[in-house]
Ligand SMILES: CC(C)(COP(=O)(O)OP(=O)(O)OC[C@H]1O[C@@H](n2cnc3c(N)ncnc32)[C@H](O)[C@@H]1OP(=O)(O)O)[C@@H](O)C(=O)NCCC(=O)NCCS
C-alpha cells in the first residue's frame, strides 16, 4: 500500500470512492451528500487551507482523507479531519488507521498545532483524539452529537481553552454535516 498527497488527476476517482463507500454504509442520499462535500472541498478550497491524502494498492485508490483549516481569531494553526473513507472491501485491514496517522504526521511536519474531528470517539481515540468540551474550544457549527467533537494537540502542549467560535472552510459550513 502506498500513501501520498492526492493529485488533481485523482479527483474524479476520489469523488466516486466517497459516493460508493458512504452509499454502501449509510444509503445513497448520504453517499451523494458526502461525494458533493468532497468535490466542493477539492475544488473550492484554497491550497493553503486543505490537505488531502490517498492510499493506493498497485496504483488503484483504496482510501482517501481530507483535512481543512479551522480559522480562529488567535494565531493558531488548526485543521479538521473530515471526511475519511476506505473502499468497503478493503475495510478492517488497518488502512483507515494508517491514512489518519499518515495525515496527522504530515500536518505535524507543517507546524499544525491542533487537529480536530467530529465522529465516533471510540474509533478516533485510536489515533490520539480525545473528546473536547465546547466550553474549552467551540465547534464551528451547532453539533447534533457534542460527544463527537474531538481534538488532539500535535506539538506536545496541553489543549488550552480558546475564546470565540472558529470558522471552517466554506464547503464544510453547512448544518447537514454537523
Ligand atoms: C471508518 C473507516 C475509514 C475506517 O477504515 P478501516 O480501514 O476500515 O479501519 P481500520 O481497519 O484501520 O480500523 C482501525 C480500528 O478502528 C476500528 N473501527 C473501524 N471502523 C470503525 C467504526 N466505524 N467505529 C468504531 N471502530 C471502528 C477497527 O475495528 C479497528 O480497531 P482495532 O485496531 O482495535 O481492530 C472505514 O471503515 C470507512 O470508510 N467507513 C465508512 C465511511 C465512514 O464511516 N467514515 C468515517 C466518518 S467520515
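Quick notes
- With R₀ fixed at 45 Å, the C-beta to C-beta distance from residue 57 to residue 163 puts the FRET efficiency at about 0.50.
- A crude spin-label estimate for the pair residue 101 and residue 76, with each label 7 Å from Cα along the Cβ direction, gives 2.7 nm.
- Among 86, 54, 112, the largest mean-square fluctuation in a Gaussian network model of the chain (Cα springs under 10 Å) belongs to 112.
- For the range 69-162, dividing the convex hull volume of the Cα atoms by the residue count gives 104 Å³ per residue.
- Rounded FRET efficiency, nearest 0.05, which uses the C-beta distance separating residue 43 from residue 88 and R0 of 35 Å: 0.90
- Neighbour-count ranking [beta-carbon atoms within 10 angstrom, fewest first] of 149, 178: 178, 149
- Its relative contact order, with pairs defined as Cα atoms under 8 Å and 6+ residues apart, puts the chain at 20 percent.
- Simple spin-label estimate for residue 125 and residue 13 gives 3.6 nm between the two label positions (7 Å along the Cα-to-Cβ direction from each Cα).
- A simple spin-label model places pseudo-atoms 7 Å from Cα toward Cβ; at residue 25 and residue 142 they are separated by 2.6 nm.
- Counting every pair of alpha carbons in the chain, the share spaced more than 29 Å apart comes to 14 percent.
- Residue of 56, 98, 110 that the Gaussian network model of the chain assigns the largest fluctuation, springs spanning Cα pairs under 10 Å: 110
FYI, it's all coordinate maths here, none of it is from the lab. Just so it is clear, the model here is predicted, and its values are computed rather than measured. Because the Cβ atoms are built from the backbone with ideal geometry, glycine has one as well, and the counts that use them run over all protein chains shown.
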